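The values are calculated or read from the model by the stated rules, or taken from the named source; none is laboratory data. For clarity, every value in this text was computed on a predicted model and none was experimentally measured. Quick reminder, even Gly has a Cβ in these numbers, built from the backbone with ideal geometry, and neighbours come from all protein chains shown.
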Amino acid sequence: MTGSAEDWIKRLDMSPASVGGWFAPALVSNEDIAGSALPPRFGVDHPLYSSNWYLLQAGEVLQLHALKQDELWFFHVGTPISLHVFSQDPDPSDPGYSVAGYSEAVFGPDPEAGETLQGVAPHSTWFGAELAGPGFALVSCSLSPGYERSDSEKPTREDIEALVSRFPEHAALILRLAAG
């Protein structure tokens, strides 16, 4: 049974996410990795891994934000969902450099339509998501090292202006994902 968005929200005990959509924790490692063993951008101890459920309904967006670690996305049920990724200030000499510009991945069940079942939002990039049609999408996301509140950052007004200036062809999308 695929169920409705409301069924999944109830079944997974989801709550509204601070960046739009619905969120529920799934798994968190019972072991930590020392902050001193992680890249300097982390600074504090983290669980080895964590994962969460995320649900987006028609009319909602996952607002632009950045994480200190890569976030792996896994599609489960529903409507295809588009993940939009914008690099901040690309610097190929930066060890965290991974995306030079803008990319879009569509997660869904139809590979012939260009959809994929999994993908990544690279660390230190601005990313957001929206449905590629009506309905809802249920995905799970996995992070290593595991998530801590200090890992997430929302863009400032200046960050949004810089993104619009750098990607004028995506200005409407950036503003839609920034506003939520």
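Overview of values
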quantity	calculated
Qualifying positions in the stretch 1-11 - aliphatic (A, V, I, L, M) and either within 19 Å of the chain's Cα centre (by Cα) or not in a loop (DSSP other than H, G, I, E, B) (or both)	Ala5, Ile9
Failed condition for Gly146, given (1) in contact with a His (Cβ under 8 Å, 6 or more places away or on another chain); (2) outside any strand (DSSP E or B); (3) under 22 Å from Ser87 (Cβ atoms)	(3)
Filtered residues of the stretch 1-23 (kept if at positive phi, loosely packed, with under 13 Cβ neighbours inside 10 Å and of a type in the set (Gly, Ala, Ser))	none
Meets criteria (buried (at least 18 other Cβ atoms within 10 Å of the Cβ), at pLDDT below 95 and of a type outside the set (Val, Ile, Thr)) for Ser87	yes
Every residue from the stretch 55-78 that is among the β-branched types (Val, Ile, Thr) and surrounded by 19 or more Cβ atoms within 10 Å (Cβ to Cβ)	Val61
Scope the stretch 132-145; condition surrounded by 21 or more Cβ atoms within 10 Å (Cβ to Cβ) and either out of contact with any helix residue (DSSP H, G or I) (no Cβ under 7 Å at 6 or more places or on another chain) or charged (D, E, K, R) (or both); matching residues	Ala137, Val139, Leu143, Pro145
